[in-house]
Amino acid sequence: MKLTPKIKIIITVFLFFLALITLNFFPFSKKIKTFFYSVSQPIQCVFNEAGDSVSSFWEMIFKIQLLGEDNRLLRLNILNLLADNSKLKDLEKENQDLRDALGLEMEKEFDLTLVKIIGKDIGQDSIMINKGLEDNLSNGLVVITGQKVLVGKISEVYDHFSRVILLSSKDNSLDVQIQNKDIDGLARGDGSLNLLLDLVPKEKEINEKDVVITHYLSKKYPQGLLVGQIKTIKKQDAEPFQIAEIEPFFDIGTTETLFVINNF
Amino acid sequence: MKKYLFFILFFYLLSLLETSFFIHFRIFSFLPSLILISQVLIVFLEHPNKNYAVFSAFCAGFFWDIFSNQKLGTGILLMISLTVLLKLILKKYVRIPSIRKF
């Protein structure tokens, strides 16, 4: 039987493919691939690194218009994180204030409500706190710090917040005494965070740095709350009483959390 | 002989580039097969009466199989089949004298 060239070619091609397919059933095909991989690996590494750096460059160029949006989102994230951070700091401060209050065992002495200052009006000697009628606050309740320093009393109550007039308000006055001395007087607000000690008889000797506390006769305030310390004393011959300037203990500039005494 | 050597080196390098360099330049997760495009171009540029494209198809298929997960011979079979088919069509039905270089 004589084969034509065309049939020879077809048979050769068929056998060739049959051989190739058969190779896959033996480990030899794996050896061929392994050989090419091991030879090509260094070149592939170089190409891979080059491709990576070139594509990164072009990716950056193409995505440059998205940078503005990314920047905006990142700024938004920063603001959110700052807000979270601020909340955590507030909680930490509240926690510390509560610890201070518990350290002084105020909770045994008074029924307290923790409040936060949400606004300050130094010109009118008043502050706003974050709790009101819904938290059972009412007019006239006394406001103190965690260190038993008298701050003022609630003058207006709203649903969710209240206004506190500070001791230094001209509308405020209270019976006080000098600590460890049998000296009584009247502390009255002079405005602009100033406080005066009045109605102290001339014969009574008061000194600078003397500590002023609330008097036991005062019905509006619990006894023994810290008010301030004597700063300067003014004695006038024509007046029957001496007047002293009190430096209040409360520092409205740095205080953020306070306590309202619900009953005493 | 030089042409055969050229085809071997060309498709070897092209396979390496496609699997390591151009893989970073995918367009919408799609990378065109440079080996296939090159083989089709070779077929179109070759004179219909010459058969270098069959050898280049073998090289293209072989290296395609080597650097992919498919079984050895699959790529070769596909490339040679495609080349023979294209050459038949070009020989019988198409005449593009201006791009015949090989």
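The values are calculated or read from the model by the stated rules, or taken from the named source; none is laboratory data. Fair warning: this is a prediction, and the values are worked out from it, not measured in the lab. Cβ placement follows ideal geometry from the backbone for every residue including glycine, while neighbour counts extend to all protein chains displayed. Please note that ligands, DNA and RNA were not included when accessible areas were found on the heavy atoms of the full protein model with its side chains. Shrake-Rupley method; radii C 1.70, N 1.55, O 1.52, S 1.80 Å.
Being under 18 Å from A:Asp251 (Cα atoms) and at pLDDT 80 or above is a condition met by no residue of region A:61-68. Might you check whether a residue that is modelled with pLDDT under 85, surrounded by 12 or more Cβ atoms within 10 Å (Cβ to Cβ) and acidic (Asp, Glu) occurs anywhere in region A:233-246? The answer is no; no qualifying residue exists. Somewhere in region A:80-92, is a residue basic (Lys, Arg) and closer than 30 Å to A:Gly224 by Cβ? Taking every residue of region A:80-92 in turn, none turns out to be basic (Lys, Arg) and closer than 30 Å to A:Gly224 by Cβ. Could you please let me know if B:Pro32 is at pLDDT below 85, away from chain A (no Cβ under 11 Å) and touching a Leu at 6+ places or on another chain (Cβ under 8 Å)? No, not satisfied. Taking the listed residues B:Ile23, B:Ile42, the one that is at pLDDT below 80, part of a helix (DSSP H, G or I) and surrounded by 12 or more Cβ atoms within 10 Å (Cβ to Cβ) is B:Ile23, with no other qualifying. Taking region A:185-220 as the range and being open to solvent by 70 Å² or more (accessible area, probe 1.4 Å) and modelled with pLDDT under 85 as the test, the residues that pass are A:Ser192, A:Leu199, A:Glu203, A:Lys204, A:Glu205, A:Glu208, A:Lys209, A:Tyr216, A:Leu217, A:Lys219, A:Lys220. Give region B:58-78 a look and list any residue that's of a type outside the set (Val, Ile, Thr), in a helix (DSSP H, G or I) and either open to solvent by 50 Å² or more (accessible area, probe 1.4 Å) or within 12 Å of another protein chain (Cβ to nearest Cβ) (or both), or say none. Matches in region B:58-78: B:Phe58, B:Gly61, B:Phe62, B:Phe63, B:Trp64, B:Asp65, B:Gly75, B:Leu77, B:Leu78. Filter region A:76-99 down to the residues that are open to solvent by less than 90 Å² (accessible area, probe 1.4 Å) and among the aliphatic types (A, V, I, L, M), then identify the one that is nearest to A:Val260 (Cα to Cα). Here the answer is A:Leu98.
Restricting region A:26-46 to residues that are modelled with pLDDT under 75 and more than 8 Å from chain B (Cβ to nearest Cβ) leaves a set whose member that is nearest to B:Glu18 (Cα to Cα) is A:Lys30. Is one or more of the residues making up region A:54-77 in contact with a helix residue (DSSP H, G or I) (Cβ under 8 Å, 6 or more places away or on another chain), within 14 Å of chain B (Cβ to nearest Cβ), within 30 Å of B:Leu72 (Cα to Cα) and among the small types (Gly, Ala, Ser)? No. For region A:12-65, a residue qualifies if it is of a type in the set (Gly, Ala, Ser), open to solvent by less than 50 Å² (accessible area, probe 1.4 Å) and more than 60 Å from the chain's Cα centre (by Cα), and exactly one does: A:Ser29.
Close contacts from region A:11-22, counting a first residue that is at the interface with another protein chain (Cβ under 8 Å from one of its Cβ atoms) and a second that is among the small types (Gly, Ala, Ser) and open to solvent by less than 70 Å² (accessible area, probe 1.4 Å), with Cβ to Cβ under 9 Å and a gap of 6+ residues or different chains, come to A:Phe17/B:Gly73; A:Leu20/A:Ser29; A:Leu20/B:Gly73; A:Ile21/B:Gly73.
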